[in-house]
Amino acid sequence: MKLKFTHSVVLFIGALMVMLIGAGIILGSLQFNEIPIRMEGQGFFTLTRIGLMLAGILTILFSGFCLTLPHRMKQTKADYVLQKTPTGEMRISVHALTSIIQKSLSQYDEIKIQDLIVHSTKRGVEVDLRAYIANNINIPQAVEEIQKHVKQQLLATSGIDAREIRVIIVKADHADNKSKFQIDQNELNLKKD
């Protein structure tokens, strides 16, 4: 949900006014003895004064909440990807997209996901994937295949065309003997003259 500009301005002005009223209540409860806050012979902190101070504090807290409300609404916007449909619009959570990608990559034995982050930006969906990969495979071919697979999976399941898929290989320390990207051992042997 997006606030209109005029609503944001009214909310901001109202929150500032409420904050000033709250500060006035607190100052009034501390400064002015002309207001019958305490009777003769009572201490400084009477129930009336404490009540006024609490009212002022609650008013200021409420105005702080009102001031941060538009910012909070913008933050939650990035948690969803907006997709236009013929009859309206659809929102898909970034969490759901992350689950789709994780499940689709589980079929690849050559790659073990360490960290997966899906970003919803103004330019489109971007995927950051940090992974361990087998050390006896052609890494550029495997990464290109994985990128194509993720892009195709997102398009087929959600209709979202991923703008960019960044794969970062953290380690290459395990072997996979069933991979279609496996390097022929003869290519690895050094030829002697």
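Looking at region 84-185 only, what percent of DSSP beta bridges run antiparallel? Nearest 5 please. Counting DSSP beta bridges with both partners in region 84-185, the antiparallel share is about 60 percent. When peptides 133-140, 118-125 are ranked by their average number of other Cβ atoms within 10 Å per residue, the highest-first order is 133-140, 118-125.
Every read-out reported here was derived from the displayed coordinates using simple, explicitly stated rules and does not represent laboratory data. In this text, all values refer to a predicted model and were calculated from it rather than measured experimentally. In this analysis, Cβ positions are derived from the backbone assuming ideal geometry, glycine residues included, and neighbour counts consider all displayed protein chains.
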